[in-house]
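Structure, as structure tokens:
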Amino acid sequence: MTHKPERNAWRMFRIMGEFVSGFQTLSELPKAITIFGSARTKPTDPYYLAAEEIAKQAVHRGFPVITGGGPGIMEAGNRGAAEAKGTSVGLCIKLPNEQGGNPWINTRVDFHYFFVRKVMFLKHTCAVVVMPGGFGTLDELFEVVTLVQTHKIHRMPIVLYGRAYWGGLLAWVKDQMEVHNHYISPGDLDLLTVCDTPEEVMAAIRHIDVEPAGHEPSIRMD
């Protein structure tokens, strides 16, 4: 039987190994557009088709595209990037009830730990597009907003796709978190941009310049 201190030591080595693998695999990756969204979105869904088109337009602008590497919106992002002949990155998480990486990935890193994967998402990201999704998507959204709000990562466009989907949440945040309880500051919601078409998304990130590999990472590592 393995003693607990030994298990913890091996867990630390596994965590370090995942960081090393991610850093090495993505070391030459230019700044990228990251697309978050539900793994349950079907290929016929308008949000799937929009994510695919956003990825294609991002590649045409010269950006790699990063997703979580799974099905649904993640597949759409990888598919759009791959079909546009761009770099299609999948940061895949090992989960017991979900399938492996989608077939449209051409640069893949596998993770066991969510928190290591989150660092890899943001280290090379210069803009985030958040499509409709569930708890995981909300987790990714609020993680990015919190890190930007607290200046732990450089400010970047955070685009919410779909006014009909996000409108209720944003109204609640405005009413409850800002106005009534003052849990966020006036202007914090300005960190978010809501769009309804791929063209609006591209307009929201139009000021971002394509940068070569070796750029300063988006997330502060100090």
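Just so it is clear, none of the values below were taken in a lab; they were calculated from the coordinates. As the structure is a prediction and not an experimental result, all values here were calculated from the model. With ideal geometry, Cβ positions are generated from the backbone for all residues, glycine too; neighbour counts draw on all protein chains shown.
Legend: residue pairs Lys4/Lys152; Lys4/Lys123; Lys31/Lys118; Lys118/Lys152; Lys31/Lys152; Lys94/Lys152, Cα-Cα distance threshold 23 Å; pairs beyond threshold, Lys4/Lys152; Lys4/Lys123; Lys94/Lys152. Treating each Cα of the stretch 1-86 as an identical point scatterer and summing with the Debye formula, the log10 of I(q)/I(0) at q = 0.19 Å⁻¹ comes to -0.80. Computed over the stretch 9-203, relative contact order equals 21 percent, with contacts defined as Cα pairs under 8 Å that lie 6+ residues apart. Annotation for the stretch 57-110: trypsin sites (Lys or Arg not before Pro) lying in DSSP loop with at most 16 further Cβ atoms inside 10 Å of their Cβ are Arg61, Lys85, Lys94.
Annotation note: GluC sites (Glu not before Pro) in the stretch 71-117 located in DSSP loop regions with a Cβ neighbour count of at most 16 within 10 Å are Glu98.
Shown for the chain is the translational diffusion coefficient from the Stokes-Einstein equation, using the Kirkwood radius over Cα pairs, a temperature of 37 °C and a viscosity of 0.692 mPa s: 183 µm²/s.
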